[in-house]
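The structure appears below as structure tokens.
Values quoted throughout were computed directly from the atomic coordinates according to the rules given, and no laboratory measurement underlies them. Quick caveat, the model's predicted, so the values are computed rather than measured. Every residue, glycine as well, gets a Cβ built from its backbone with ideal geometry; the counts of neighbours run over all protein chains shown.
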Amino acid sequence: MKLDVEPLDGTGAVITPVGRLTLTTAGQVREAVDDLVRNGRPRLVVDLGRLDFIDSSGLGALVAGLRSARAAGGDLRLANASPQVATVLRLTNLDRVLRVHDDAATAYVDG
């Protein structure tokens, strides 16, 4: 899996996983989130638009990222979920905890 990271603003970043977010790749997302939070960027957006598949380990990485970001005074929001990923989030009720926004640029418009 490829992972793109771009600054969002002074205290944020957009993480874009490309491919499959599974047991073998979830550590990459956790590490990226931890690095960003440690470097003063706790306002994170994970852009799911280029993600083909996510399993329970991938979901766990997102939840761990949410906890890490919130502990640092930030938040982790999701954007641009593909139909498959949106279905998994809905079936696991994680869409109630990890809100999906239309795109990364508007994920923090509400604050």
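General observations
- Most fluctuating residue given options Leu51, Leu59, Leu23, as computed from a GNM of the chain linking Cα atoms under 10 Å: Leu23
- Most simply put, segment 1-103 has about 35% antiparallel DSSP beta bridges, counting only bridges with both residues inside it.
- Close amide H partners of Leu8, meaning residues 5 or more places away or on another chain with modelled amide H under 5 Å apart, are Ala13, Val14.
- FRET efficiency for the pair Asp52 and Arg96, taken as 1/(1 + (r/R0)^6) with r the Cβ-Cβ distance and R0 = 35 Å, rounds to 0.90.
- With eigenvalues of the C-alpha gyration tensor scaled by 5 and rooted, the chain, Å: 19, 15, 13
- A straight line joining the Cα centroids of segment 47-65 and segment 70-91 runs 8 Å.
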